[in-house]
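Bear in mind these aren't lab numbers, they're just calculated from the coordinates by the rules spelled out. Keep in mind it's a predicted model, so treat the numbers as computed, not measured. As a convention, Cβ positions derive from the backbone with ideal geometry for all residues, glycine included, and neighbour counts pool all protein chains shown.
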């Protein structure tokens, strides 16, 4: 098991109950050696017994010290250490792999390029298992910061930017705009905020495993881009990626320090209660084995779908699975569109507001993101917020992602799919979510009934192939069932006739 040691200068924390005019005064080590306004506030509050400091908090660096938080600025914050065998096995490097018992703030300033690799957040977001793990961390007093590198850049910049490549929005981690060292200002802001809570408030947050949901609420409420309280319910407060210059550290620590048990934000978790019939692999969309579903997450603080099927619309009925308020107050829900084309989204809350039917129409274009200048996105985000009448909850997100290697044409009158081009120039293929498909499908329907008859597949450098409405290749010997596999050398998706008797 890992061993945990303090830095030498903070091995002993001495708390003296010296009463001076009724105020409990604590002695060294201070919360921070920072001398700016944030540092002065932290040390003043801690000395007066008003702030909890970092007692029992750990920092986990997972990039070999490449972009390490300077712990000399936070003498009480303990470095998470690993045994020699764990270091040898790589347990201390790269994406966090386990949910631990400690309260942990961590980072790893590591990433691959957008085209031939991924950033760590996109690696997590690319599978249901990764999303589930992040939720367990978030609701287990652990928060990590990772840079986006090339996964959230304006087109034409940083070699070639592709806009926002993340398939969902998440409060379970923080993503910094930029590459190496861009995570450090965010780490500083979170570390300072962790130390700012009143001792009894922080203890309650730790005990309830809600420390980082409340810090996410504080961070988003204190962004310099917000012009008023109502902006917290808009996309301005909930970007996928955070720029250091929009973070107001002093406002964050003051907000944390002012919190009492009565003013702590509530929490909600969501679940999918009902949805449209799932699309059929090989008929409604085409991927290799392992990508039979549109679902990345069905419950918790993220509900996420990859829009794969050819139907123009999807409907979900989403409801509150769990709600929590520190004083047991009634919670009212707000369902807000944070990004995406409003014409493509219909939100119908129930009478009590505890559930909503959400209908999404296919969004063909990448649209500008208000919270991130120069960035475009092929994602719809809906934020769900609970209020107890005093404060709102941390965000819960519902996301729909439209694959950037597809260009679709629908019949405007009937909504039927007419054409899908997968091989157009400039399309981005996310290897975690989709495969390269060097073809275009043109659909045809029965003129009398409107039923799908099939489609013609136009391949680059090869003869076209006809499919029937069940996704079978039409051959002189009759329709044949098809398998889809990824070519081992080109990584493109292949279709091949299934062996055996039909």
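Remarks
- Placing a label point 7 Å from the Cα of residue 102 along the Cα-to-Cβ line, the residues of the range 36-75 whose backbone N sits under 19 Å from it are 53-75.
- Spread of Cα-to-Cα distances over 5 Å intervals beginning at zero, given as percent, for the range 77-160: 3, 13, 20, 22, 19, 12, 7, 3, 1
- Estimated translational D of the range 233-383 in µm²/s (Stokes, Kirkwood radius over Cα pairs; 4 °C; 1.567 mPa s): 72 µm²/s
- The value of relative contact order for the range 417-458, using C-alpha pairs under 8 Å at least six residues apart, is 36 percent.
- Ordering 246, 253 by the number of other Cβ atoms within 10 Å of each residue's own Cβ, fewest first, gives 246, 253.
- Antiparallel %, DSSP beta bridges [both residues in the chain], to 5: 75 percent
- Set the Cα radius of gyration of the range 407-497 against 2.2 N^0.38 Å, with N its number of residues, and you get 1.17.
- Based on C-alpha pairs under 8 angstrom that are at least 6 apart in sequence, the chain has a relative contact order of 11 percent.
- Put simply, the Cα atoms of the range 261-308 extend 54, 19, 13 Å along their principal axes, the longest span coming first.
- The Rg/Rh ratio for the range 295-423, using Cα coordinates for both the radius of gyration and the Kirkwood hydrodynamic radius, is 1.02.
- Ordering 217, 362, 232 by the number of other Cβ atoms within 10 Å of each residue's own Cβ, fewest first, gives 362, 232, 217.
- Shape parameters for the range 109-235, alpha-carbon atoms, Rg then Dmax in Å: 15.8, 50
- For the range 49-198, the spread of Cα positions along each principal axis, largest first, Å: 51, 35, 27
- Computed FRET value (nearest 0.05) for residue 466 with residue 299, which takes r as the C-beta separation and R₀ as 56 Å: 0.85
- Relative contact order (percent, whole number), the range 128-226, Cα cutoff 8 Å, 6+ residue spacing: 30 percent
- Helix content alone sets the calculated 222 nm mean residue ellipticity of the chain: runs of n ≥ 4 DSSP H residues at -39500 (n - 2.57) each, divided across all residues, give -4500 deg cm²/dmol.
- Fraction of alpha-carbon pairs over 34 Å apart in the range 4-263 - percent: 17 percent
- Note on residue 136 and residue 322: the model spin-label points, each 7 Å out from Cα along the C-beta direction, lie 1.4 nm apart.
- Relative to the 2.2 N^0.38 Å rule of thumb, the chain has a C-alpha radius of gyration ratio of 1.09.
- Calculated FRET efficiency for the pair residue 73/residue 224, C-beta based, R₀ 30 Å, to 0.05: 0.85
- Rg and Dmax of the range 210-315, Cα atoms only, in Å: 19.2, 56
- Note on residue 44 and residue 348: the model spin-label points, each 7 Å out from Cα along the C-beta direction, lie 5.5 nm apart.
- Centre separation in Å (Cα based) which lies between the range 67-88 and the range 396-442: 44 Å
- A Cα-only calculation for the range 402-460 places Rg and Dmax at 13.0, 40 Å.
- Packing-based exposure ordering (other Cβ within 10 Å, fewest first) of 329, 378: 329, 378
- The range 21-113 gives an Rg/Rh value of 1.08, both radii derived from C-alpha positions and Rh following Kirkwood.
- Residue 262 paired with residue 33, simple spin-label distance in nm, labels 7 Å along Cα-to-beta-carbon: 4.1 nm
- Residues residue 206 and residue 407, FRET efficiency given R0 of 35 Å [Cβ-Cβ distance, rounded to 0.05]: 0.10
- Counting only alpha carbon atoms, the long axis of helix 37-47 and the longest principal axis of the chain meet at about 60°.
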